[in-house]
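Trainee: After the structure tokens below, expect a handful of questions from me.
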Amino acid sequence: MLLAWLERKTGQPVSKLFDIVAGTSTGGILALGLTRPDETGAPAYSAEAMAALYEREGHRIFASTFWHKLKSLGAMGDQKYPSSGVDEVLRRYFGETRLKDSLTSLIVPSYEIERRVPFFFKSEAARQQPTHDFPMWQVARATSAAPTYFEPARLEAARAGDYWALIDGGVFANNPAACALVEARTQFPAASEYLVCSLGTGMLTRRIAYDDARHWGLARWAKPVLDIVLDGVSETVNYQLNQLLPAGSYYRFQTSLQRGSEQMDETSGKHVRELRLLGEKMVRENTAALDALAGKLAA
């Protein structure tokens, strides 16, 4: 929604406002959608259209059957959701478009679990080497394969019989703004100034009471510690970029998720509306910063 505001304010699509677009997990899906070309070479989706994706498709992405629910035991025995729903939605939205077709330079993190290494999908690399090119829908699937929610994505590698086993890039790059800045310095080494816009997807604010946590074991810590790691990594990158970049060169927009709005697989109409209202509130509360950013992007 914040990007939709920027598109309306500047009269330009995201793919023309930025030289590099980076996104992890749900941000990766957005980054791919906003830089996907249609048959005329124009952006296939506006930012508003990508926001609407979640309103229309959430119940399909997070869909399960009775037998899968029985087998998964609430994600204790198997992934919480079968991958068929998310695969169908991503195939429909991205079609046969490939990473190399991106309208602007794109970087989307994922993590390879068999080789135990970070894995970066880069459109520049895809244009130069066919082995680095993948269908956009598969890139979206890999970066958003959240552990316990969906099974890892398996992408065929160039060598016959080889493959990549990939999970959500948020496990190491939940905030990919630093990755984007590094990529910008690599692609544009002669540049004297960099402008970075970083968008968060909401921070958890639920308090973890000491008297509760002091008695927790592995089972009770498993979910909270993952949330802590993801938020902690994200805010660490925010701190680093605040220190590295001069005033006026770095914009960070983030909101807080209250109890009831923090479950990423809650797709009820009421919940999605609450998230849209949070987006509207974030825009209202950051009008001055957004106006300044829009002016610099349109210059």
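The values are calculated or read from the model by the stated rules, or taken from the named source; none is laboratory data. Predicted model only: the values in this text are computed from it and were never measured. All Cβ positions, glycine included, derive from the backbone under ideal geometry; neighbour counts span all protein chains shown. Please note that ligands, DNA and RNA were not included when accessible areas were found on the heavy atoms of the full protein model with its side chains. Shrake-Rupley method; radii C 1.70, N 1.55, O 1.52, S 1.80 Å.
Trainee: Filter the helices (runs of 4 or more DSSP H) completely within the range 81-148 down to those with at least 3 residues that are of a type in the set (Val, Ile, Thr).
Mentor: In the range 81-148, no matching helices (runs of 4 or more DSSP H) lie anywhere.
Trainee: Within the range 263-299, how many residues are within 30 Å of residue 149 (Cα to Cα) and not β-branched (Val, Ile, Thr)?
Mentor: Here the count works out to 18.
Trainee: Please work out which residue is nearest to residue 27 (Cα to Cα), limiting yourself to the range 170-207 and to residues that are open to solvent by 70 Å² or more (accessible area, probe 1.4 Å) and part of a helix (DSSP H, G or I).
Mentor: For the range 170-207, the residue satisfying everything is 182.
Trainee: Here's something else I'd like to know. Please go through (1) of a type in the set (Lys, Arg); (2) open to solvent by 60 Å² or more (accessible area, probe 1.4 Å); (3) farther than 19 Å from residue 15 by Cβ for residue 100 and return the number of the only condition it doesn't satisfy.
Mentor: (3)
Trainee: Considering the range 123-153 alone, what residues qualify as being within 23 Å of residue 178 (Cβ to Cβ) and surrounded by fewer than 24 Cβ atoms within 10 Å (Cβ to Cβ)?
Mentor: Hits for the range 123-153 are 124, 125, 126, 132, 146, 147.
Trainee: Would you check if there is a residue in the range 217-227 being over 18 Å from residue 147 (Cα atoms) and surrounded by 11 or more Cβ atoms within 10 Å (Cβ to Cβ)?
Mentor: No, the range 217-227 contains no residue that is over 18 Å from residue 147 (Cα atoms) and surrounded by 11 or more Cβ atoms within 10 Å (Cβ to Cβ).
Trainee: As an exercise: evaluate residue 251 against (1) in contact with a helix residue (DSSP H, G or I) (Cβ under 7 Å, 6 or more places away or on another chain); (2) hydroxyl-bearing (Ser, Thr, Tyr); (3) part of a helix (DSSP H, G or I) and give the number of the one condition it does not meet.
Mentor: (3)
Trainee: So, of the residues in the range 1-52 that are of a type in the set (D, E, K, R) and part of a loop (DSSP other than H, G, I, E, B), which turns out to be surrounded by the fewest Cβ atoms within 10 Å (Cβ to Cβ)?
Mentor: 39
Trainee: Moving on. May I ask you to list pairs of residues, at least six apart or on different chains, whose Cβ atoms are under 6 Å apart, with the first in the range 238-250 being over 17 Å from residue 174 (Cβ atoms) and the second being among the β-branched types (Val, Ile, Thr)?
Mentor: Filtered contacts from the range 238-250: 250/196.
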